[in-house]
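Below: one structure, written as structure tokens.
Here, each number is a calculation from the coordinates, and none is a lab measurement. In this text the structure is predicted, and so the values were computed from the model without any measurement. We place every Cβ from the backbone using ideal geometry, glycine too, and count neighbours over all the protein chains shown.
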Amino acid sequence: MSGTGGAVSAYPAEYARWRAAPEDFWRQAAGALQWSRRPGVVCDRTREPFIRWFPDGELNACHNAVDRHVEAGRGEQLALLHVSAMTGAEQRFTFAQLRAEVARLAGALRELGVERGDRVVIYMPMVPEAVFAMLACARLGAVHSVVFGGFAARELAVRIDDAQPKVVLSASCGLEPNRVIDYKDLLDRALQLSQHAPRACVILQRPQLTAPLQTGRDLDWRACLAATQHDADCVPVNATDPLYILYTSGTTGKPKGVVRDTGGYCVALAYSMSAVYGARAGEVFWAASDIGWVVGHSYIVYGPLLHGCATLMFEGKPVGTPDAGTYWRIVERYRVATLFTAPTAIRAIKREDPEGLLMRASDTSSLRALFLAGERADPDTVNWAGAQLGKPVIDHWWQTETGWPVVANCLGLGLLPTRVGSPTKPVPGFEVCVLDDRGVELPRGTQGALALRLPLAPGSLPTLWNNDAGFLQSYLERWPGYYATGDGGYIDADGYVYVLGRTDDVINVAGHRLSTGELEQALSGHAEVAECAVIGVSDALKGTVPVGLVVRKAGAATPPTELQAQLVRRVRDEVGPVAAFQRCYIVARLPKTRSGKILRGTMRRIADGVPYETPATIEDPLVLDEIARALRP
Ligand code: COA
Ligand code: AMP
């Protein structure tokens, strides 16, 4: 046992309270929101395994995140702080100013024909307008789908075709340390690839790059706002109406459209802000992530604002913009109380500033805790950050699908003692189980698949967009009564959960979730590739990086080094730079079982340099030697 916390934690009692009467628990939590119709029913299980939370409730997420605070007399309080390390600019918006921006943009969208239930794709860099865009959709009851900027045009096209947006909101460019990203060009190329054509694209022109606008389709963001006749009020929607779709990588090449309902999500986020994060209204909450990920949706936009915090939105990197002291200077300048980032970011900072000199050059005393999620938090990183900051470093485990933390050391309930390598215990609302292949619950201490007992907590996905069958197939059918998380792990004798990593083809690259299937699809599209495999290999900075192994078609003429370069470029063009795909090897054969299954796990162990056993079912054991020579020359 190590770390902070212990004696006075209210966690055991709170978890027991939820277990004893979950509906009472969530009814009470729902009281944190303003409803235009209070829900009578808490959890509708009549169509199990499809669950509906607060089915007869009616509310508006934007009202709860913004207008409610203005109406309560907190209009002058800070709501959104935008800090750009790329331009040096800083912008501040009070709740009243945020309401004005959002109401105007919602009015513009309505005048473009966007109504409740319509989809709007948002493909934007980390600028305040992206937050206005999300909230403006919520205001109208429209469903936003934010696409991360680091994805390539083809990925954007797939999402546009699936979500069928009436309008796309985008910007002329994003700013990365080494280059200006032409978002508009990526959007134009995506729209050439997609079957679906939106009615309009509204483009925010940034000073770093002016995008050409296509007559009849593209509109200038500012001109559009200036021409708007009426601001829009909040449209009450059913608690079960979708608030957004967020695409995430699954085991296949096709991303899954995770649907988020409105009521359950807002209730869960509001609860998490106090119970998990221990945040207080009026404080500055900083999730150093991107609005394209679930962390951005839940803890840059909705969570902090619902709770009445000021949310800090940061355009930049933890290192190199300009140095590894950036985060700490921001903490000092804006008196940040909660910082949430991915372990990769801390590893990057630690690498540049191992002694913590840049950290100590700033006053970080405002910080209550540092939260880490998105990938495994290695003990070295956690210990280093804890020792340097002198504050609790809290690892917590969750996924795009769950929408909010599943396992955490709940700061707001009083910390439990920490255990190295464990994100601690299930958050009230979730019951974590470890199952064997047949779905039998395993005893404490035994490793297996991490699953959640149904029903999932409010805020978790009710289904996949237009794909109930896919939802059942991906998550619920394997083990009836449970949701399959895709992660493996175990629970120790005292109930601490340990997450050991994905058991499927999902990999986490610098906290970004990718599917190896998606990368393989890009590789196998090359005319000279006969077959290929992509594996996630350990990396000191990014946690995992993808590595490709490719078998050429007979008669392929391109020299191997040229082919490798073409394949690296191809993944960058088709999936996006965020895949960080740089290593690709040409091999004569791939190791397979006699039934033809590629032995990815064994290759991963070879690449990581850890001991491996030659599987009994292998077709030809000699292939492993060839792979080892390629991966570890
Ligand atoms: N738009 C366009 N391109 C983007 C992008 C965006 N929004 N975000 C990243 N990219 C590009 C980068 O420019 C980079 O391209 P390059 O190959 O030309 O250099 C590539 O995608 C990989 O980016 P990134 O993952 O940011 O790696 P990096 O090497 O630039 O920086 C870290 C390394 C560790 C500093 C960075 O990964 C990081 O900050 N990680 C934290 C991630 C995080 O917060 N995840 C959210 C989960 S909580
Ligand atoms: P995403 O949907 O992008 O949030 O990625 C979710 C996946 O990231 C999980 O299924 C885990 O594999 C991994 N992950 C997230 N948080 C943690 C954590 N704290 N520890 C270990 N793995 C994590």
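Here is how the numbers come out for the structure above:
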| read-out | value |
| --- | --- |
| Unsatisfied cross-links (Cα-Cα over 21 Å) in the set Lys542/Lys597; Lys553/Lys597; Lys184/Lys254; Lys542/Lys592 | Lys542/Lys597; Lys184/Lys254; Lys542/Lys592 |
| Bridge type composition, segment 174-308 - antiparallel percent by DSSP, nearest 5 | 75 |
| Gyration tensor (alpha-carbon) shape descriptor, segment 1-127, a/c threshold 1.5 | oblate |
| Residue list for segment 425-451, given a label point 7 angstrom along the Cα-to-Cβ vector of Thr593 and an amide N cut-off under 16 Å | 437-438 |
| Label point distance in nm, Val610-Ala530, each placed 7 Å from Cα along Cα→Cβ | 3.2 |
| Relative contact order (%) - criterion: Cα under 8 Å, at least six apart; region: segment 527-581 | 31 |
| Phi-based couplings in Hz for segment 208-219 (Karplus 6.51, -1.76, 1.60; Gly and Pro marked x) | 6, 7, 9, 8, x, 9, 8, 4, x, 10, 8, 10 |
| At 1.002 mPa s and 20 °C, Stokes diffusion of the chain via Kirkwood alpha-carbon radius, µm² per second | 85 |
| The chain: relative contact order in percent, alpha carbon pairs under 8 Å with at least 6 residues between | 13 |
| Two-site FRET efficiency, Ala226 against Arg37, from Cβ-Cβ distance with R₀ of 25 Å, rounded to 0.05 | 0.10 |
| Nonlocal amide H pairs with Ala142, under 5 Å, H built at 1.01 Å | Gly117 |
| In range of the label at Thr251: residues from segment 485-500 whose backbone nitrogen is under 18 Å from the point 7 Å along Cα→Cβ | 485-489, 500 |
| Contact order normalised by residue count of segment 216-272, Cα under 8 Å, 6+ apart, percent | 27 |
| Per-pair calculated FRET efficiency, R0 = 35 Å: Arg335 and Ala10 via Cβ, rounded to 0.05 | 0.85 |
| Cβ-based charge dipole, the chain, positive-most Cα from Ala533, Ala630, Met603 | Ala630 |
| Asp56 long-range amide H proximity, modeled H, under 5 Å | Gly40, Val41 |
| For segment 173-241 and segment 488-514, distance of Cα centres in Å | 36 |
| Mean ellipticity per residue at 222 nm, deg cm²/dmol - from DSSP H runs of n ≥ 4 across the chain, formula -39500 (n - 2.57) | -8000 deg cm²/dmol |
| Chain lengthening between Leu472 and Glu562 when straightened (0.36 nm per residue, less Cα-Cα) | 28.1 nm |
| Distance (nanometres) between label positions extended 7 Å along Cα→Cβ at Asp363 and Asp625 | 6.6 |
| Gain in span if fully extended, Arg632 to Thr215, counting 0.36 nm per residue against the direct Cα distance | 144.7 nm |
| Separation between Cα centres of segment 577-625 and segment 105-138, rounded to whole Å | 45 |
| Magnitude of the charge dipole, the chain, Cβ model with Lys/Arg +1 and Asp/Glu -1, debye to 20 | 160 |
| Leading residue at positive end of dipole, segment 501-587 (Cβ point charges), from Ala565, Gly517, Val550 | Ala565 |
| Length gained when the stretch Arg351-Asp233 is fully extended (0.36 nm per residue, less Cα-Cα span) | 37.6 nm |
| Antiparallel DSSP beta bridges within the chain, as percent of all bridges there, nearest 5 | 60 |
| Among Pro322, Ile300, Cys266 the positive-end extreme of the charge dipole of segment 247-326 (Cβ point charges) | Cys266 |
| Computed FRET value (nearest 0.05) for Asp494 with Asp380, which takes r as the C-beta separation and R₀ as 35 Å | 0.90 |
| Pairs of Cα atoms farther than 17 Å apart, segment 500-545, % | 36 |
| Alpha-carbon centroids, segment 414-433 and segment 331-385: separation in whole Å | 21 |
